[in-house]
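Shown next, in structure tokens, is the structure this report addresses.
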Amino acid sequence: MTVEEHSHPSEKGAIKLIRIENASGAYVMLSSFGAGIVEVGVPDRKGKIENVVLRYADPGAYIYDGPCMGKIPGRYANRIAEGKIKVAGREYQLDCNLPPHHLHGGKDGFSNRNWDAEIFENGVRFSYTSADGEEAYPGNLKVTATYRWSDDNRLSLDIHAESDGETVVNLTNHTYWNLEGADAGTALHHEMKMKASGWLPTDKTQIPLGEIAPVKGTPMDFTEWKELGKDINEDFEALKIGKGYDHCWAIDGWVEGKLIEDAVELRDNKSGRVMKISSDQPGVQVYTGNWLKGSAENCSGRGYEDYDGVAIEMQGFPDAPNQPQFPSQTLRKGECYDRNITFSFSVEK
């Protein structure tokens with residue numbers, strides 16, 4: 001492995017960019033800002049190594065960006081209804097930064113913080129301490145996000161958190177993928193398959209209704225390979241609400257602590273690239289980049305358009321603190337929050 005580090009000044013302090021290249025020349029680039037993924041360079045069927053992660057040209061453009069490009073949102077990823085939670089019997093009002101709801105930890109959530117970075121041979125450990133009361137969440141929370149890159153083109157992310165008091169936590173990675181190439185245009189021709197026979201219907205403001213509905217016979221069915229764009233314009237209320245896919249699926253066979261291999265698979269037949277995602281998270285939020293238009297300039301000198309990438313966010317269920325039938329996202333003093341997400345890249349000839 002070869003590791004290079006660069007520093008870029010910003011209003012949030014020096015942003016560290018760390019590039020890790022394996023023996024074959026495939027690489028990842030990681031950022032201390034939001035503990036994010038900036039690039040993943042992997043080969044296509046002809047051996048051409050190209051970045052498959054949507055990115056901005058300017059490292060400073062990640063500050064307060066709407067798409068949460070490549071970063072770790074928190075303290076609670078996804079939506080919390082009306083920003084209200086009850087922890088240890090006490091009610092807390094969070095910022096409703098996506099009116100009327102709370103999204104991704106609020107305006108100054110983890111994705112808009114510059115994390116500390118510790119570099120080692122094949123990876124980086126980012127760390128951040130969220131103070132009691134930050135974004136109105138209770139408890140001092142210490143978080144680490146450890147990325148490792150392997151010679152067989154696997155990028156693993158281990159997330160660890162501990163709190164000195166009861167709180168709620170839901171952490172994931174919010175990278176947008178385009179396996180044809182980061183700036184290739186629409187990703188709706190990509191095919192996806194998931195180990196998920198159920199999904200979470202929502203109200204018109206995208207808060208789960210509390211049930212897991214079967215995907216069979218609906219546009220939400222990705223139990224077999226299907227193009228992202230095949231059913232996206234169907235006359236189906238959920239797709240109209242989100243202007244595409246922006247929904248959570250329940251992973252089949254999940255139990256706490258169990259790693260589900262290849263829970264989600266994504267492939268691009270043009271390049272031959274395949275990505276398989278394994279995780280011990282109970283759900284996956286799939287977002288087809290429905291509102292990317294107007295984003296900051298990318299490395300091709302233009303902004304991204306809607307649907308230019310797909311975010312596949314392995315996570316706990318949205319609004320779980322208010323829905324006791326969902327897997328709990330409560331973290332108590334003395335407990336550890338440990339989650340793994342692994343992205344494995346290969347090629348189909």
> So which pairs qualify, if the first residue must be in segment 40-69 and at positive phi, the second must be surrounded by 16 or more Cβ atoms within 10 Å (Cβ to Cβ), the Cβ gap must be under 7 Å, and the two must be at least 6 apart or on different chains?
Replying inline: Tyr64/Asn112; Cys68/His104; Cys68/Ser111; Cys68/His174
> When residues of segment 175-219 are filtered for being touching a helix residue (DSSP H, G or I) at 6+ places or on another chain (Cβ under 7 Å) and crowded, with 24+ Cβ neighbours inside 10 Å, how many remain?
Replying inline: 0
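Per-residue answers, yes or no, for (1) hydroxyl-bearing (Ser, Thr, Tyr); (2) at pLDDT 95 or above; (3) under 17 Å from the mean Cα position of the chain (by Cα):
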site	(1), (2), (3)
Ser300	yes, no, no
Val310	no, yes, yes
Pro318	no, yes, yes
Asn322	no, yes, no
Phe326	no, yes, no
Ile341	no, yes, yes
Ser346	yes, yes, no
Lys349	no, no, no
>> Suppose we filter Pro59, Pro73, Pro43 for residues that are at pLDDT below 95 and either more than 18 Å from the chain's Cα centre (by Cα) or within 20 Å of Glu135 (Cβ to Cβ) (or both); which single one remains?
In response: Pro59
> Looking at (1) open to solvent by less than 10 Å² (accessible area, probe 1.4 Å); (2) in contact with a Ser or Thr (Cβ under 6 Å, 6 or more places away or on another chain); (3) assigned to a loop (DSSP other than H, G, I, E, B), can you tell me which one Pro318 breaks?
Replying inline: (2)
> Taking segment 266-298 as the region of interest, how many residues are more than 29 Å from Ile159 (Cα to Cα) and part of a loop (DSSP other than H, G, I, E, B)?
Replying inline: 6
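The values are calculated or read from the model by the stated rules, or taken from the named source; none is laboratory data. Everything numeric here is computed off the predicted structure, so don't read it as measured data. Neighbour counts run over all protein chains shown; Cβ positions are idealised from the backbone, glycine included. The area values use the complete protein model at the heavy-atom level, side chains included, leaving out ligands, DNA and RNA. Shrake-Rupley method; radii C 1.70, N 1.55, O 1.52, S 1.80 Å.
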